[in-house]
1. Quantify, in whole percent, the carbon and sulfur part of the accessible surface of region A:1-80 (1.4 Å probe; protein heavy atoms only).
2. Mind checking how much accessible area B and A bury in total, 1.4 Å probe, in Å² rounded to 100?
3. What residues have an amide H closer than 5 Å to that of C:Thr94, excluding those fewer than 5 places away on the same chain, when H is modeled at 1.01 Å from N in the peptide plane?
4. For chain B, find the longest principal axis of its Cα atoms and tell me its angle to the long axis of helix B:117-137, 0 to 90°, nearest 10.
5. How far, in degrees from 0 to 90, does helix A:128-153 lean away from the longest principal axis of the Cα atoms of chain A, to the nearest 10?
6. Between the helical axis of C:95-104 and the dominant principal axis of chain C, each derived from Cα atoms, what acute angle in degrees is found, rounded to the nearest 10?
7. Using a 10 Å cut-off around each Cβ of peptide A:169-182, what is the average number of partner chain Cβ atoms that fall inside?
8. Give the relative contact order (percent, whole number) for region B:104-168; include only Cα pairs under 8 Å separated by 6+ residues.
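The values are calculated or read from the model by the stated rules, or taken from the named source; none is laboratory data. As the structure is a computational prediction, the values presented were derived from the model and not from experiment. So basically every Cβ, Gly included, is an ideal-geometry build from the backbone, and we count neighbours across all protein chains shown. The accessibility values were calculated without ligands, DNA or RNA, using every heavy atom of the protein model including side chains. Shrake-Rupley method; radii C 1.70, N 1.55, O 1.52, S 1.80 Å.
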Amino acid sequence: MLRVAVAVWRKDLSIEWRSRVLLNQVVPVTLVIVVLFGFGLDARTTLLRAALPGLYWVSVFFALTLAVARAAAIEGEANAGELLRLLDITPSGVYLGKVLAVATWGLGIEAVAAASAAILFNAALVDPLLLSGVAVVADVGVSAVGVVLAQLATGERASESLLPLLTLPVVSPVLLAAAKAWQAGLARTPSLAFPWVEILLAFSCIYLVVGMLVYGIVLEG
Amino acid sequence: MRSTQLRRLRRAIGAAALVGVAATAWLGLVVTPPAEFFGNLVRLLYVHPSMAWVAFLAFGVTTLASALYLWRRTRRPAWDLLAAASAEVGVVFTGLTLVTGSIWGRPTWGVWWTWDALLTATAVLFLLYLGYLALRRVPMSEERRGVRSAVWALIAFVDVPIINQSVYWWRTLHQRPSLSIGPTNAVEVHGIMAVALAVSFVSFTLTWVWMVWVRFDLARRQRALEQLELAHAIAERLESVEAGS
Amino acid sequence: MARRVVQVRNVTVLLGRFPALARASFDAFEGEVVVLEGPNGSGKTTLLRLLLGLVVPAEGEVVVFGVDPARMPSAVRRASTYLGHQAMLYDELTADENLAFFERLRVLHAAQAAQLLERLGVDRRERGRQVRHLSQGQRRKVALATALAKPAELVLLDEPHAALDPEGKALLDDVIVDLARGGRTVVLASHDPGRSGRIATRRYRVVAGHPREVPAC
């Protein structure tokens with residue numbers, strides 16, 4: 001299973017390396033969202049700084065949804081749903097590989113969004129260890145849900161507009177928890193972040209397991 | 001014979017639901033007194049909790065039917081149709097719950113909406129099941145739709161406790177303990193009020209049963225019609241084979 | 001008599017509301033090259049997919065390697081290989097990278113597939129190009145090589161000659177004949193009877209979802 005996961009992960013990374021769809025489209029979109037928040041809040045840096053955790057995570061969520069859609073599109077192009085069924089490959093391995101790939105891209109998106117938010121909102125990202133730890137766990141959680149839901153939403157033709165509707169409510173606890181944990185980190189009260197980190201960890205673990213269980217059913221059904 | 005009996009039962013339930021809702025309106029609007037503190041607003045109490053109850057009941061049934069559909073040994077198209085029917089009615093009642101809650105909130109709290117934990121969780125639940133209905137509209141084969149919407153229903157179900165926990169912490173940690181959670185906590189229920197409340201619970205539940213039943217029956221008929229058309233198409237195709245030989 | 005690999009009896013398959021196969025019966029034995037002829041939309045593809053459990057019969061019986069593919073898909077799929085209309089390749093990767101991916105999944109030996117590619121006329125330089133930059137014919141050959149390099153007893157090919165030039169078609173014929181000689185069972189769908197008739201050991205004509213065996217002449 002791990003062998004399959006690594007193979008799928010490597011394959012997705014090298015496809016992205018070739019096509020650079022994420023780099024050319026999703027990363028700029030992330031930047032656009034961050035800039036739009038600046039416009040929306042009338043460029044008041046105090047306001048922006050206060051709202052930074054929430055704004056940051058909203059931007060990351062939309063960008064991650066796009067990354068998930070891209071990961072699904074790669075398989076769609078190759079008609080891989082059928083391919084993997086035909087080759088009788090462990091679906092949970094494929095699932096893990098896809099989650100790993102999306103999560104890897106997600107780290108890049110998060111880094112870009114964090115840097116641009118820090119610069120544009122004129123905010124200092126104190127406690128980087130806590131912030132990045134939260135980012136990694138939240139990233140895995142969203143990817144774990146997103147990969148299953150993207151497969152669910154693929155009918156006879158792809159329905160991209162459906163994906164955010166399905167994903168965002170399900171991952172809303174992650175948004176809440178990650179934003180609150182970041183708030184605690186930025187306010188230099190890291191101890192307050194712990195319950196939120198717990199929720200994030202629980203969410204990610206639960207949905208990784210759920211995903212591994214149902215991904216095969218979704219592929220076959 | 002059995003089907004006519006069932007139809008009669010269904011009609012009886014529908015009639016009982018109608019009478020019950022009318023009785024709830026009468027009890028709630030005319031018979032019961034206004035409350036000391038909340039005045040006439042208290043009358044919302046006779047509909048709001050029972051609507052919320054029906055909403056949760058509906059999603060519970062959707063989850064259960066979806067699980068039964070997913071499990072291969074109990075897989076029947078009927079479970080899928082039941083899950084869908086119940087989710088549709090559930091979305092309506094969740095919407096009504098949110099609306100009546102909002103009407104309650106405006107005079108009591110001065111706002112149409114407050115980010116109270118229970119309210120927020122209900123709103124997210126509403127969105128989750130809107131997603132369920134949207135997913136069912138994506139064109140795919142019957143079985144695939146059944147499997148996928150069932151998987152989605154289970155994912156949503158797993159999400160509910162996590163959402164509850166996180167919004168509860170969100171609204172209570174480091175915040176003044178917010179306004180009372182729902183109307184029920186603030187009012188003392190007694191006498192005729194309890195009767196009105198009980199009638200409303202029963203009649204709304206009956207309404208749910210009736211609506212789901214009608215919707216389920218309609219879906220089943222649609223399915224039967226489609227299969228009939230299929231049988232015709234097969235027959236035609238076979239005829240053309242015979243003619244070709 | 002050779003071992004019976006595929007047995008289809010009175011099968012009806014519905015695709016949505018459309019009966020793609022109507023009371024179809026069909027057999028394939030070990031070492032055969034069975035050709036399914038017929039116009040587009042006559043049900044050839046559905047018949048191939050039926051054998052892999054990708055479509056489920058509404059009625060009738062399917063037995064492949066002694067089991068029902070709809071019930072035990074992985075047993076059947078592990079021992080079969082299938083090439084559909086669509087090349088199941090990752091466009092952004094090169095032919096070699098595609099092969100390497102499948103090798104990592106333990107589906108095939110990349111070296112073997114590369115040999116096959118060589119034989120079909122795809123040279124080393126072309127193998128290092130992204131699949132989307134290859135011509136239709138070359139893409140098709142890459143897809144064929146990945147499908148045929150999988151060690152499988154049952155080889156199902158849907159219009160394998162499509163998009164190939166005459167030379168490529170002849171090369172492919174040789175490969176298919178070799179496979180059958182090696183004891184594999186090949187079922188091949190084609191709307192071009194002149195082409196595939198040459199390598200067929202038996203032929204079926206599929207009309208309106210109903211295959212009929214063509215008597216050998």
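1. In region A:1-80, the share of accessible area belonging to carbon and sulfur is 69 percent.
2. 2700
3. C:Val131
4. Rounded to the nearest ten degrees, it is 20.
5. 40
6. Around 70 degrees separate the two axes.
7. So the per-residue partner count for this stretch is 5.
8. About 44 percent, as a whole number.
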